[in-house]
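Trainee: Below: one structure in C-alpha cells.
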Amino acid sequence: MTYDGQFIQVTVSDGIASLVFDAKDASVNVFNRGTLFELRDAVAALQGVDGVQGLLVSSGKAAFIVGADITEFGEAFAGSDEDLLTWLAEANSIFNSVEDLPYPTVSLVHGTALGGGCEMALSTDYRILSTKASMGLPEIKLGIYPGFGGTVRLPRLVGADNAIEVIAAGKTLKAPAALAMHLADAVVAADRLEDAGRALLTQAIAGAYDWQARRAQKTGKLTMGMIEQMMCFTTAKGFIAGKAGKHYPAPVQAVKSIERAAGLTRDDALKVEAKGFVKIAKTTVADSLIGLFLNDQLIKKKGRAYGKIARPVNQAAVLGAGIMGGGIAYQSASKRVPIIMKDINEDALQLGLSEANKLLGKQIKRKKLDAAGLGETLGRIRPTLSYGDFAGVDLVVEAVVENEKIKQIVLAEVEKATPDGTILTSNTSSISITTLAEALDAPENFCGMHFFNPVHLMPLVEVIRGEKSSEEAIATTVAYAAALGKTPIVVGDCPGFLVNRVLFPYFAGFQALVNDGADFQRIDKLMEGFGWPMGPAYLLDVVGIDTAHHVGDVLAEGYPDRMKFDIRTSLDVMYETERFGQKNGKGFYTYSPDRKGKPKKAFDPSVPELIASVQTGQGEFTDEEIIDRMMIPMIIETARCLEEGIVDTANEADMGLIMGIGFPPFRGGALKYADLLGLDVVCAKADELSGLGKLYEPTAKMREMAASGSKYYG
C-alpha cells in the first residue's frame, strides 16, 4: 500500500498506480477538506514512487464522487474574499498536481461524478464511463458555479458552446451524451471498467495515444478565433440572461469567466475562475439556494427516520375520482404502487381515469413512456364503485368534496371496509384532522395527507398530525408520499395547516391594498418582479376564487383577530359575480386556451369597474410599500407557525412555502428572507404598518430575536 488514508487509498502494481476514493465511514464519496488534503498527500506519495508509468483513478463506492461537501460551504463562504481565494488556490493546486503527473492518467467513472467529482475526473487525461454512469456540474443550482477548474478544463475539452450549455444549465450528462460530447473517451460495461482503463493506459504508455497533447489541450488557451469568441459569448450571455432572469446571476457570471479566461493558460485562467466564484459565492442568492439544498437534506433525513417505523404500502386506495383523485391515482400508479380508485358513480370514475390517461399521454408525447408502459401504468389503477376490493388496502387517501360531514361519513364507511390497522388519510386543504377523526373508531390510524394541485407537478405533501394520530400513521404516510416522488413535511393540525395558513395573510395584504385603491395589475407585476411565479390576483385565479373564498372563511373563523375582514373585498366581488378564475374562464383576468390548450391570461376591462365598488383609497403607494404590505404578514404568520410548533423547524417552514406556493427560491423562504432583511428591519417595517391590524403585529419572540440580533438560521 503506497498510501492508506481515511478517504483515499493508493496501490502500485506492474507500473500502474491505482488511486481509489473510498471514504471508510461513509456510504458515498464527497469532496470535503479531509478528502482534498488526502488527495494532496496521496499525489505526493505517488511522486516518491519509482517506476510508475500510469495512474487509474476510481471509486470504491456505488458512485464515483457525488460532489463537494456543501455543509462546509457556510464556513468557507463566511470568510473574507482573500480567505476564499486562498482556499480555492490551494484546492486547485491539488487538482493541478494530479493533472501534472509525469505519466498518463485515466478516471474510471461508475455511478455519478458531479461537481467536484466531475472536476476531479476532468483533471485526468482520459475518462472511461460505465454504461450507467453520469457526469455533470450542477453548481448553478446552488447559486454558484464550478470552482475547482470546471470553467477552465471543460470548455477546452468539449468546446465553449458545449461547456456553457452544461455549466449554465447545471446539466448532468448520461454516459452516451458524455461520449458524444467528448467529455468521455469510452463507455463500457461496469465490470469492464478496470480492464478498459488498463488497456488505455498501456496503449498511452506505448505511444499509441498522445496523452501529452490531450493534457496540453486542457492546460492551454481556448482554441477559438476572436470573431468566433465574440459570436459565442455575446449570444450565450444574452440568451442565458433572458433565461435565468435578473435574480440568478451565476449562469451569466460563469459565461463571463469562461470568456475572460479564453486567452489564458490554465494557471491564469483558474485565477479568473476563482475571482468570479468569490463574487458569486458572496451573494444572498447563493446563501439562499445552498440553504435550500441543506433544508432538503434535513427533510430527507427525517423521512428516512420515519421510514424505519413505517408500514409497507403495497396497495393504496383513493376515494373520489375527480381531477384530484385521478391525479393521485396517476401519481401512485406511475411510481409502481397499485391503487384502487373509488367513487359513487361511473361518470366520476371515467373523469378520474381520463385525468390519468391525459397525464400518461403527455409522457408518451415527451417520449418518456411508450404504449406498453402506458398500459402497464393504467393497469395499476383499479376503478370501482364499491368497497368490495378494500380488504387488502394498506393506505387510503380520501379526496371527496371539501365538506366536513361528507368526509366524516366517507371515512367512517371506509374504516369499516378495511382491515384493522389500515392507515386512513384525508386530502383536505382546510378541515381539522382532529375534527374529522371524531367519526372514526381508531383515530390513531388517521392523519392528513394534503396534496397540492396539480398533483403530478407540485412536489409538496403536507402530512398533518391530528391530536390522536399515531407515530406509525404519520410515518407510513410520510413514506408513501416519498414513494410517490413527493417531499413530505409533517405539520400540526390548525386552520389552514402550514401552507394555506401562511399564504392567506399574503392574500389579505393584497385585498387590503386593492381596497385602498391599488391597481391589482400593478401589484401582480411588482410581486412577479419580486420573484413570485405569478402575482396574487393571478394566483387567486389559479387556486380558484371559490376555493380561496372558502379557505378564507375557514381561516377567518380560526383567527378572527387578524384574518377576518369586516368589509367587502375584491375577492368577495369575484366570488359574488361567479368569476371563479381559470376553472370557468374568468376571474381577475379572463382565460382562453392557447395553441397547447393551456389557459392564456388576458386583461378584462370590466374588472376594474367591478372592483371600484369596494375601493375607498387613492392607491398612491411606493413599490417598497406594496412589497412590505404583502410580505410582512407572511413572515409574521410563518414565525407564529414555528413558535406554535405547527412546523418543527424554520427549514421545513421555508421549504413548504417554496414547494407549495412558489415562494421565490432565491430568497430562501419567508424566514430566510426575514434573516436577510434582519429581524430588526422586519419589526420596524411592521410597526410602520401597525395601523393595518394584527396581521402586522410581530410576535414577542420576533422582537426578542430582533433585539439580540438573532436569526432563524445560524
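No value in this document is a laboratory result; all are computed from the given coordinates. Please read all numbers here as calculations on a predicted model, not as lab measurements. Cβ: placed from backbone, ideal geometry, glycine included. Neighbour counts: every protein chain shown.
Trainee: Going by how many other Cβ atoms sit within 10 Å of their own, how do Asp604, Asp493, Asp125 line up, fewest first?
Mentor: Placing the least packed residue first, the sequence is Asp604, Asp493, Asp125.
Trainee: Along each principal axis of its Cα atoms, how long is region 500-708 end to end? Whole angstroms, biggest number first, please.
Mentor: Result for region 500-708: principal-axis Cα extents of 52, 38, 32 Å.
Trainee: I've got another one for you. Tell me the net charge near Asp654. Cut-off is 11 Å between Cβ atoms, Asp654 excluded, with +1 for each Lys or Arg and -1 for each Asp or Glu.
Mentor: -1
Trainee: Can you find, among Thr172, Thr35, Phe452, the residue farthest towards the positive end of the dipole of the chain? Put +1 on the C-beta of Lys and Arg, -1 on that of Asp and Glu.
Mentor: Working it through, the farthest residue towards the positive pole turns out to be Thr172.
Trainee: To continue, here is another question. Would you calculate the separation in nanometres between label points at Leu385 and Asp14, each defined as 7 Å from the Cα along the Cα-to-beta-carbon direction?
Mentor: 7.3 nm
Trainee: Please name which of Ser134, Asn403, Ala481 has its Cα lying farthest along the dipole of the chain towards the positive end, using unit charges on Cβ (Lys, Arg +1; Asp, Glu -1) and the Cα centre as origin.
Mentor: Sorting the options by dipole projection puts first Ser134.
Trainee: Using a Cα-Cα cut-off of under 15 Å, which aspartates and glutamates could be cross-linked to Lys600, ignoring same-chain neighbours fewer than 8 residues away?
Mentor: Reachable aspartates and glutamates: Asp541.
Trainee: Could you sort 216-222, 546-552 so that the peptide with the highest average Cβ count within 10 Å comes first and the rest follow in order?
Mentor: My ranking of the peptides, most packed first, is 546-552, 216-222.
Trainee: Follow-up question, since we're still on this one. How large is the charge dipole for the chain, taken about the Cα centre, if only the Cβ atoms of Lys, Arg (+1) and Asp, Glu (-1) carry charge, to the nearest 20 debye?
Mentor: Computed about the Cα centre, the dipole is about 2180 debye.
Trainee: Quickly work out the Phe565-to-Ala180 label distance, labels modelled 7 Å from Cα along the C-beta direction, and quote it in nm with one decimal.
Mentor: Here the modelled spin labels are 5.3 nm apart.
Trainee: Neighbour counts of other C-beta atoms within 10 Å: give me Asp623, Asp343 arranged from fewest to most.
Mentor: So the ranking, lowest neighbour count to highest, is Asp623, Asp343.
Trainee: Next question, about the same structure. Using only the alpha-carbon atoms, how far is helix 33-47 inclined from the longest principal axis of the chain? Give it as 0 to 90 degrees, nearest 10.
Mentor: On a 0 to 90 degree scale, this one is about 10.
Trainee: Related question: Using alpha-carbon positions, what is the distance between the centroids of region 517-544 and region 1-44, in Å?
Mentor: Between the Cα centre of region 517-544 and that of region 1-44, the gap is 53 Å.
Trainee: Calculate, for Lys132 and Arg33, the FRET efficiency according to 1/(1 + (r/R0)^6) with r their C-beta to C-beta distance and R0 35 Å; round to the nearest 0.05.
Mentor: Here the calculated transfer efficiency is 0.70.
Trainee: Grab the beta carbon distance between Ala62 and Lys367, set R0 = 25 Å, and tell me the FRET efficiency rounded to 0.05.
Mentor: Calculated value: 0.35.
Trainee: Say each of Asp41 and Arg192 gets a label point 7 Å from the Cα, pointing the same way as Cα to Cβ; how far apart are those two points in nm?
Mentor: Placing both labels 7 Å beyond Cα along the Cβ direction yields 3.8 nm.
Trainee: Among the listed pairs Lys301/Lys685; Lys342/Lys405; Lys564/Lys685; Lys237/Lys601; Lys308/Lys367, give every one whose C-alpha distance is greater than 25 Å.
Mentor: Over 25 Å apart, Cα to Cα: Lys301/Lys685; Lys237/Lys601; Lys308/Lys367.
Trainee: Could you point to the label whose value was computed as mean projected area of the Cα convex hull in nm² for the structure here, given [x] 38.0; [y] 34.0; [z] 32.5?
Mentor: [y]
Trainee: Express in nm, to one decimal, how much length is gained between Lys701 and Leu264 on full extension, taking 0.36 nm for each residue of separation and deducting their alpha carbon distance.
Mentor: Using 0.36 nm per residue and subtracting the Cα-Cα distance, I get 151.9 nm.
Trainee: Work out the charge dipole of the chain with +1 on the Cβ of Lys and Arg and -1 on the Cβ of Asp and Glu about the Cα centre, then indicate which of Leu122, Ala26, Ala199 is farthest towards its positive end.
Mentor: Towards the positive end, the residue furthest out is Ala199.
Trainee: Counting other Cβ atoms within 10 Å, keep those with at most 13, restrict to DSSP loop, and tell me which GluC sites (Glu not before Pro) in region 530-591 are left.
Mentor: Answer by residue number: Glu578.
Trainee: Ranked by Cβ crowding within 10 angstrom, fewest neighbours first, how are Cys447, Cys494 ordered?
Mentor: Cys494, Cys447
Trainee: Which stretch or stretches of region 165-184 have amide N atoms under 19 Å from the point lying 7 Å from Arg336's Cα along the Cα→Cβ direction?
Mentor: Nothing falls inside the zone, counting backbone N under 19 Å.
Trainee: Roughly how big is region 181-247's charge dipole about its Cα centre, with Cβ charges of +1 (Lys, Arg) and -1 (Asp, Glu), in debye to the nearest 20?
Mentor: 460 debye
Trainee: Post the alpha-carbon centroid distance, region 492-510 to region 373-439, in whole angstrom.
Mentor: About 26 Å separates the Cα centre of region 492-510 from the one of region 373-439.
Trainee: While we're looking at this one, here's another question. Between the helical axis of 160-169 and the dominant principal axis of the chain, each derived from Cα atoms, what acute angle in degrees is found, rounded to the nearest 10?
Mentor: Orientation of helix 160-169: about 40 degrees from the principal axis.
Trainee: Can you give the extra length, in nm with one decimal, that the chain gains between Lys171 and Thr86 once fully stretched, where that is 0.36 nm per residue apart less the Cα-Cα distance?
Mentor: Here the segment from Lys171 to Thr86 would lengthen by 27.8 nm.
Trainee: Residue separation times 0.36 nm, minus the C-alpha to C-alpha distance between Val681 and Met231: what's the value?
Mentor: Value of the extension gain: 157.4 nm.
Trainee: In degrees, nearest 10, range 0 to 90: what is the angle between the Cα axis of helix 471-483 and the longest Cα principal axis of the chain?
Mentor: Taking Cα atoms only, the helix is inclined about 60 degrees.
Trainee: Which loop-located trypsin sites (Lys or Arg not before Pro) does region 471-526 contain, where loop means any DSSP state but H, G, I, E or B and the Cβ has at most 11 other Cβ atoms within 10 Å?
Mentor: Listed in order of number, the matching sites amount to none.
Trainee: Between the alpha-carbon centers of region 323-369 and region 117-161, tell me the distance in whole angstrom.
Mentor: With region 323-369 and region 117-161 each reduced to a Cα centre, they are spaced 39 Å.
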